[in-house]
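For reference, the structure discussed in these notes is given below.
The values are calculated or read from the model by the stated rules, or taken from the named source; none is laboratory data. Fair warning: this is a prediction, and the values are worked out from it, not measured in the lab. Because the Cβ atoms are built from the backbone with ideal geometry, glycine has one as well, and the counts that use them run over all protein chains shown.
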Amino acid sequence: MASKSRVLQLKGTGLKKVPDEIEQLAEVLRNLELSENKIRDIPSFIGNFAQLKQLHLSNNCLEFLPDEIGSMKKLEILNLAGNKLQVLPETIVGCTDLRTLDISSNAFVEFPVALIACIQLDFLNLNGNQIEKLPDEVADLKVIELSLNQNRLNSLNASNLAKAQRMRTLRLDQNCLEKSEFTRDLLESSNVSVISYDGNRFQLKEFQDLPGYDAYQERFTATKRKI
């Protein structure tokens with residue numbers, strides 16, 4: 001059936017490893033669903049799935065990904081939420097069609113800089129990790145939406161974040177940010193039109209009093225009108 005539908009559904013089936021047998025479907029599968037299992041390792045043969053567009057591995061026990069993940073040139077959606085990942089392999093840049101990446105509820109303490117080179121990436125979900133600051137390289141991040149809710153952010157590196165030209169939505173709820181992290185550069189000169197910031201170390205009124213807020217509010221209002 002999977003060879004005809006090009007979809008293999010093995011969600012919540014109690015798997016402790018990826019079955020070797022599925023390698024036989026490497027040339028035909030477009031969607032592989034392995035979420036809600038007990039998988040600890042992804043075999044290197046995953047790199048043979050050259051036609052795969054969606055790979056769902058959420059809520060497993062993964063600590064690492066194999067370098068071969070970068071051989072999946074047509075992968076568009078990668079869901080790794082709810083694992084134990086701390087790093088991503090540098091080879092992920094090889095996933096040249098990757099558009100949506102969910103690595104929420106993992107164990108990242110540093111922003112995965114390897115993603116800066118993923119030029120097609122539109123949506124990046126890093127919610128529920130332990131990231132404290134953003135690197136200088138964030139200036140070159142290509143995403144349209146970056147979600148960092150429920151981390152430990154105390155620094156936005158706003159002067160570089162403001163340079164991320166494609167970014168329109170920035171989600172920062174429930175972090176440890178002071179109002180001073182939202183600089184004039186970010187509010188006035190960036191292209192970000194939606195910022196969520198509830199649950200940080202300042203109140204709504206304080207945010208509204210920041211230099212550059214009026215320019216941000218204009219972009220925000222224009223976005224809401226389009227919707």
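Annotation note: Cβ proximity below 8 Å between a residue of the range 158-181 that is in contact (Cβ under 8 Å) with a residue 12 or more places away in the chain and a residue that is among the basic types (Lys, Arg) and not in a helix (DSSP H, G or I) (sequence gap 6+ or interchain) occurs for Ala164/Lys142; Arg166/Lys142; Asn175/Arg152; Cys176/Arg152; Cys176/Arg201; Leu177/Arg201; Glu178/Arg201; Lys179/Arg201.
Checked against the criterion of being over 12 Å from the mean Cα position of the chain (by Cα) and not in a loop (DSSP other than H, G, I, E, B), the candidates Thr96, Thr91 yield just one match: Thr91. Checked against the criteria, Leu29 does not count as in contact with a Pro (Cβ under 6 Å, 6 or more places away or on another chain) and either surrounded by 14 or more Cβ atoms within 10 Å (Cβ to Cβ) or not hydrophobic (A, V, I, L, M, F, W, C) (or both).
Looking at Arg171, Arg166, just one residue is farther than 13 Å from Ile116 by Cβ and either surrounded by fewer than 19 Cβ atoms within 10 Å (Cβ to Cβ) or of a type outside the set (S, T, N, Q) (or both), and that residue is Arg171.
Taking the listed residues Ser44, Ser104, the one that is of a type in the set (S, T, N, Q), touching a residue at least 12 places away in the same chain (Cβ under 8 Å) and in contact with a strand residue (DSSP E or B) (Cβ under 7 Å, 6 or more places away or on another chain) is Ser104, with no other qualifying. Just give me the residues in the range 99-114 being surrounded by fewer than 22 Cβ atoms within 10 Å (Cβ to Cβ) and either hydroxyl-bearing (Ser, Thr, Tyr) or under 11 Å from the mean Cα position of the chain (by Cα) (or both), in sequence order. Within the range 99-114, Arg99, Thr100, Asp102, Ser105 qualify. When residues in the range 55-79 are screened for being crowded, with 17+ Cβ neighbours inside 10 Å, out of contact with any helix residue (DSSP H, G or I) (no Cβ under 9 Å at 6 or more places or on another chain) and either within 15 Å of Asp97 (Cα to Cα) or touching a residue at least 60 places away in the same chain (Cβ under 8 Å) (or both), 3 of them pass.
Among the residues making up the range 116-150, those that are under 19 Å from Ser105 (Cβ atoms), of a type outside the set (A, V, I, L, M) and in a loop (DSSP other than H, G, I, E, B) are Asn127, Gly128, Asn129, Gln130, Glu132, Asn149, Gln150. Residues in the range 154-166 that are more than 16 Å from the chain's Cα centre (by Cα) and part of a loop (DSSP other than H, G, I, E, B) were compared, and the one that is nearest to Asp122 (Cα to Cα) is Gln165. Would you mind stating whether Ile119 is farther than 22 Å from Asn175 by Cβ, surrounded by fewer than 19 Cβ atoms within 10 Å (Cβ to Cβ) and in contact with a strand residue (DSSP E or B) (Cβ under 6 Å, 6 or more places away or on another chain)? For Ile119, the condition - farther than 22 Å from Asn175 by Cβ, surrounded by fewer than 19 Cβ atoms within 10 Å (Cβ to Cβ) and in contact with a strand residue (DSSP E or B) (Cβ under 6 Å, 6 or more places away or on another chain) - is not met. Taking the range 207-222, which residues are in a helix (DSSP H, G or I) and surrounded by 14 or more Cβ atoms within 10 Å (Cβ to Cβ)? Hits for the range 207-222 are Phe207, Tyr213, Ala215, Tyr216, Arg219, Phe220.
Checking every residue in the range 167-183 against the condition of being aliphatic (A, V, I, L, M) and assigned to a helix (DSSP H, G or I) gives zero matches. Filter the range 90-132 down to residues that are of a type outside the set (A, V, I, L, M) and under 18 Å from His56 (Cβ atoms), then give me how many there are. Total meeting the criteria: 13. For the range 54-61, check the following and say yes or no: at least one residue is at positive phi and either in a loop (DSSP other than H, G, I, E, B) or modelled with pLDDT under 95 (or both). There is at least one residue in the range 54-61 that is at positive phi and either in a loop (DSSP other than H, G, I, E, B) or modelled with pLDDT under 95 (or both).
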